[in-house]
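What follows is calculated from the coordinates using simple rules that are stated; it is not laboratory data. These numbers were taken from a predicted model, which means no experiment stands behind them. Positions of Cβ are backbone-derived with ideal geometry, glycine not excepted, and every protein chain shown enters the neighbour counts.
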Amino acid sequence: MELILTLREARNLKRTQLLGAQDPYCHVNIANIFDATTEVHHHGGSNPWWNASFLLSVPETIPSGLTLSVHIKNAMHVLPDRSIGKARIDLDALASALATDDIYHNWVPVLHNGVHVGDISIALELAGIDDVRANVISLTSPPVVAIAT
């Protein structure tokens, strides 16, 4: 089964930078099976926009307990990148949603140490044959950086 994962935007993210606008990006992971990073939205601040899409090849039966994790970070120039927060989606629940609909779109809470620090817009949809041929990324491909538009 082929799925298109799109990280559209985030809203009301906690500021992790004292001076200037923060430069958010996302690191996406599925249980060390899938790993990818969006492009940095320079000066994206608390409401960044990525519109980054990835093509995922997943088994028809998703193994129990898998989680899609999106770690939003602030790219720093000199210091190590700072964590803004993480959003997680249980893939079992996602598979149930996709069984009744071809697309899942939701604002998912972003948490940092259990505290709500914003939301991220995540969409997953069943890929058509043209999307599969485009081969944006698959679970067997090495991680790549998506180009934000």
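The residues neighbouring Gln17, those whose beta-carbon lies less than 12 Å from its own, together hold a net charge of +2 under the Lys/Arg +1, Asp/Glu -1 convention.
The modelled label-to-label distance between Ile33 and Thr61, using points 7 Å beyond Cα along the C-beta direction, is 1.3 nm. Here the extension length gained between Leu126 and Ala21 equals 34.2 nm, from 0.36 nm per residue of separation less the Cα-Cα distance.
For segment 2-134, the gyration tensor built on C-alpha atoms gives a prolate shape. Its axis ratio a/c (a ≥ b ≥ c) is at least 1.5, and a/b is the larger of a/b and b/c. Under unit Cβ charges (Lys, Arg +1; Asp, Glu -1), what dipole magnitude, rounded to 20 debye, does segment 2-134 have relative to its Cα centre? Value, rounded to 20: 740 debye. Residues within the reach of a label modelled at Arg8 (point 7 angstrom out along Cα to beta-carbon, backbone nitrogen below 16 Å), restricted to segment 102-129, are 102-110, 119-126. Taking amide hydrogens as placed 1.01 Å from N in the peptide plane, the amide H of Glu9 sits under 5 Å from those of Trp50, Asn51, Ser121, each at least 5 positions away in sequence or on another chain. May I ask you to work out the translational diffusion coefficient for segment 48-114 at 4 °C, viscosity 1.567 mPa s, via Stokes-Einstein with Rh from the Kirkwood sum over Cα pairs, reported in whole µm²/s? Answer from the Stokes-Einstein relation: 91 µm²/s.
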